[in-house]
Amino acid sequence: MRRGFRGELLSLNDDPSFVGSKAINHQEDGIIVIEKGIIIARGSTEKITSDFPDLPVTHFPNHLIMPGFIDSHIHYSQVDCIASGGETLLGWLEKKVFPIEAQFQDKSYALTTAEFFLNECLRNGTTTALVFAGSQPQSVEALYESAFKADMRIIVGKVLMDLGPENLADTTEGGLLDSKTLIQHWQGHGRLNYAVTPRFALTSSSEQLAGAGQILNEYPDIIMQTHLAETKAECAAVKERFPKARDYLEVYEHFGLVTDRSVFAHCLYLTDSAFERLSNAGAGIAFCPTSNLFLGSGLFNFMEAQRHSVKIGLGSDIGAGTSFSLLATMGEAYKVCRLQGYNLDPFHALYLATLGGARLLRLDRYIGALTVGQEADFIVIDPAATPLLARRTADASLAEKLFALQIMGDDRVIAASYIKGKPLWEKPAMRPS
Ligand code: GUN
Ligand code: ZN
C-alpha cells in the first residue's frame, strides 16, 4: 500500500557549511510517497498528485515534515539521574550516576526504562540514537527487545568498565565475551546494530581497552563509542595513568579504537594535532552542548573541528544533558558557538541533527535526508505550537522559522514521529485531515 504525506518538506542533502544553500532540499508544499516503509517519491504536491493520481494522502497543513532526529550520544541508563546537579564530571559519575546504573541488574527495571526511553525519544522527534546501555548485558537486551518491537534504528552497546565500582564493574574478559555474545545475537537483527562501548579510558584496564579494539577490528559492521577529553580533571587523570601517551587521543589510538567507525563524545580539550588525527582516521565527534553546560565541562570548539573537517553529530547526552530534544540541543549548540564568536546557522544545525548524525553513525544510506530510497523515518513539526512561536514564525522566512524552532522549540512542537511510515507517536491533539 502506498501513502503520501503532505506538508512543507525540509531536509539537508549535504553539509551546508561546505556546499552552501544547494544542500537545502525544500518544498513549500510537497508530498513524500511511502511504500513498505521506504520513500519511493518526493516532490511538489502538483507533481506528485499528477504522477500518483489515486494516492491516499495524509495532509499536515502548516506543518513541516523533516527527517527524524538522530541523537549521536545518549545514555538510556541515565534516564533516572537527569537533573542531578552540584557536581562536575568525576564526582557526578560516582555520586549520581553509578548508583542509578547499578539498578539495571534488575531486568524488569531495564525493560520498563527501555520502553520509557524510546517513547521519550519519539515524543521529542528522535527516531535513531547511538546509545550507552549499562554495564549489565541484560540492560542491552532490554533496549534491543523494545527497539526491535518498534522497528527503530538503534545502535547500542554494553558499557565496558572493569575498573568501575564493585556493584557495576564487569570483569576484563567477561565484559568482552558479553559484548561478543550480544553482537552475535543482535547485530543486523531488524534495524539494530552494536557499538563496542568502553566507558572511557579511566574505567577500563589496558587489557580491556585492547580487547575492545580487537572486537572493533573483528566485526566490520559495528561501531565504537566512548568519551574523550570532556573535562580538565579527567584529562589530568588520564595523563597520570598513561604518562607515555602524548595526549588523551593517543591512548585510544594505541588500543586500535580510533577508526572511521569511532564516535567520541565531547572532545572539549583536544590539541590541533588530535583534531587532525581524528579527521585523518575518519573518526567523528558527538557534540553535547546541554551536557557540557550542565556539568560546567566547558565549550566545545566547533570551529576547530569544522576547520579540520572532522565529522560531527549532536548528542543529548542524557543524563548529563538536560533535554531529549535535539531542537533544544541545537539551541544550546548555537549559544556555545556564539560564546566563541561563531554563528551556527539553523540549516547547519539541522544538518548536524539529521544527515550529519547519519554520516557519523554510518547510516546515511538509510536515513537522515528524506530522499527516495531512504527509510521513512520522519517527523511532523508544528512551528506554531505555542503562542509565542506562532507569533514569531507568522510570515517568517524559512531560515527565520527554522531558527525560531532551534531557539524556542522542544517536544511541544513535535506533532508526530513516524518509523518506516508508521506513526509511533502522535501528539494527542493531532488530527490530520
Ligand atoms: N565519562 C565517562 N562516563 C560518562 C558518562 O556517563 N557521562 C558523561 N557525560 N561523561 C562520561
Ligand atoms: Zn556520555
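The values are calculated or read from the model by the stated rules, or taken from the named source; none is laboratory data. Please read these numbers as outputs of a predicted model, since none were measured by experiment. Positions of Cβ are backbone-derived with ideal geometry, glycine not excepted, and every protein chain shown enters the neighbour counts. Areas reflect the complete protein model, heavy atoms only, side chains present, ligands, DNA and RNA absent. Shrake-Rupley method; radii C 1.70, N 1.55, O 1.52, S 1.80 Å.
Quick one: which residue in Ser316, Ser273, Ser291 is away from ligand 1 (no atom under 16 Å from the Cβ), of a type in the set (S, T, N, Q) and modelled with pLDDT of 95 or more? Answer to the check: Ser273. Close Cβ contacts (under 7 Å, 6 or more residues apart or on different chains) running from residues in region 60-82 that are touching a residue at least 40 places away in the same chain (Cβ under 8 Å) and more than 26 Å from Asp395 (Cβ to Cβ) to residues that are within 13 Å of ligand 1 (Cβ to nearest atom) and part of a strand (DSSP E or B) comprise Ser72/Ala286; His73/Ala265; His73/Ala286; Ile74/Val131; His75/Phe132; Tyr76/Val131; Ser77/Phe132.
Does Ala212 meet the test of being part of a strand (DSSP E or B) and either among the hydrophobic types (A, V, I, L, M, F, W, C) or without any contact (Cβ under 8 Å) to a residue 12 or more places away in the chain (or both)?
Numbers: part of a strand (DSSP E or B): no; either among the hydrophobic types (A, V, I, L, M, F, W, C) or without any contact (Cβ under 8 Å) to a residue 12 or more places away in the chain (or both): yes.
So Ala212 does not fit the description; no.
Would you pick out the residues in region 31-59 that are hydroxyl-bearing (Ser, Thr, Tyr) and free of Cβ contacts under 8 Å to residues at least 60 places away in the same chain?
In the first step, residues of region 31-59 are kept if they are hydroxyl-bearing (Ser, Thr, Tyr); the result is 44-45, 49-50, 58.
Listed by number, the residues that qualify are Ser44, Thr45, Thr49, Ser50.
Of all the residues that make up region 152-184, how many are assigned to a loop (DSSP other than H, G, I, E, B) and of a type in the set (Val, Ile, Thr)? If you could, list the steps in order and put the result at the bottom.
Taking region 152-184 and keeping what is assigned to a loop (DSSP other than H, G, I, E, B), we get 152, 158, 161-171.
From what's left, of a type in the set (Val, Ile, Thr): 171.
Total satisfying the criteria: 1.
Among the residues here, Arg365 qualifies as surrounded by fewer than 22 Cβ atoms within 10 Å (Cβ to Cβ), under 19 Å from the mean Cα position of the chain (by Cα) and more than 16 Å from ligand 2 (Cβ to nearest atom). Every test in (1) more than 16 Å from ligand 2 (Cβ to nearest atom); (2) closer than 28 Å to Ile223 by Cα; (3) over 12 Å from the mean Cα position of the chain (by Cα) is passed by Arg359 save one, and that test is (3). Within region 260-290, the set of residues being under 15 Å from the mean Cα position of the chain (by Cα) and on the phi > 0 side of the Ramachandran plot comprises His266 only.
Against the numbered list (1) under 27 Å from Leu202 (Cα atoms); (2) outside any strand (DSSP E or B), Tyr109 comes up short only at (1). Annotation note: of Ala169, Ala210, the sole residue that is more than 24 Å from Glu115 (Cβ to Cβ) and either under 18 Å from the mean Cα position of the chain (by Cα) or away from ligand 1 (no atom under 16 Å from the Cβ) (or both) is Ala210.
Of the residues making up region 405-433, those that are of a type outside the set (Asp, Glu), open to solvent by 10 Å² or more (accessible area, probe 1.4 Å) and touching a helix residue (DSSP H, G or I) at 6+ places or on another chain (Cβ under 8 Å) are Ile407, Met408, Leu424, Trp425. Yes or no: Met303 away from ligand 2 (no atom under 16 Å from the Cβ) and open to solvent by 10 Å² or more (accessible area, probe 1.4 Å)? Considered against the rule, which asks whether it is away from ligand 2 (no atom under 16 Å from the Cβ) and open to solvent by 10 Å² or more (accessible area, probe 1.4 Å), Met303 comes out as yes.
Taken together, the criteria place Tyr366 among residues that are among the aromatic types (Phe, Trp, Tyr) and part of a loop (DSSP other than H, G, I, E, B).
Could you tell me which of the residues Glu94, Glu120 is in a helix (DSSP H, G or I), open to solvent by less than 50 Å² (accessible area, probe 1.4 Å) and of a type in the set (Asp, Glu)? Break it down stepwise before answering.
Details: Glu94 fails: open to solvent by less than 50 Å² (accessible area, probe 1.4 Å).
From the options Glu94, Glu120, the qualifying one is Glu120.
One residue is enough: does region 159-173 have a residue meeting the conditions under 20 Å from Ser72 (Cβ atoms), without any contact (Cβ under 8 Å) to a residue 40 or more places away in the chain and open to solvent by less than 10 Å² (accessible area, probe 1.4 Å)? No, the conditions are met nowhere in region 159-173.
Restricting attention to region 115-142, which residues are more than 16 Å from ligand 1 (Cβ to nearest atom) and either farther than 15 Å from Asp377 by Cα or small (Gly, Ala, Ser) (or both)? Selection gives Glu115, Phe116, Glu120, Gly125, Pro137, Gln138, Glu141, Ala142. Residue check: Lys311 meets all listed conditions (1) in contact with a strand residue (DSSP E or B) (Cβ under 6 Å, 6 or more places away or on another chain); (2) within 16 Å of ligand 2 (Cβ to nearest atom); (3) among the charged types (D, E, K, R) but one, namely (2). Of the helices (runs of 4 or more DSSP H) entirely within region 254-319, those holding at least 3 residues that are closer than 26 Å to Gly91 by Cα and of a type outside the set (D, E, K, R) occupy 289-294.
Considering only region 44-75, state which residues are assigned to a strand (DSSP E or B) and open to solvent by less than 10 Å² (accessible area, probe 1.4 Å). Full working, then the answer.
Residues of region 44-75 that are assigned to a strand (DSSP E or B), as a first pass: 44, 57-67, 69-75.
Answer for region 44-75, where residues must be assigned to a strand (DSSP E or B) and open to solvent by less than 10 Å² (accessible area, probe 1.4 Å): Phe60, Leu64, Ile65, Met66, Pro67, Phe69, Ile70, Asp71, Ser72, His73, Ile74, His75.
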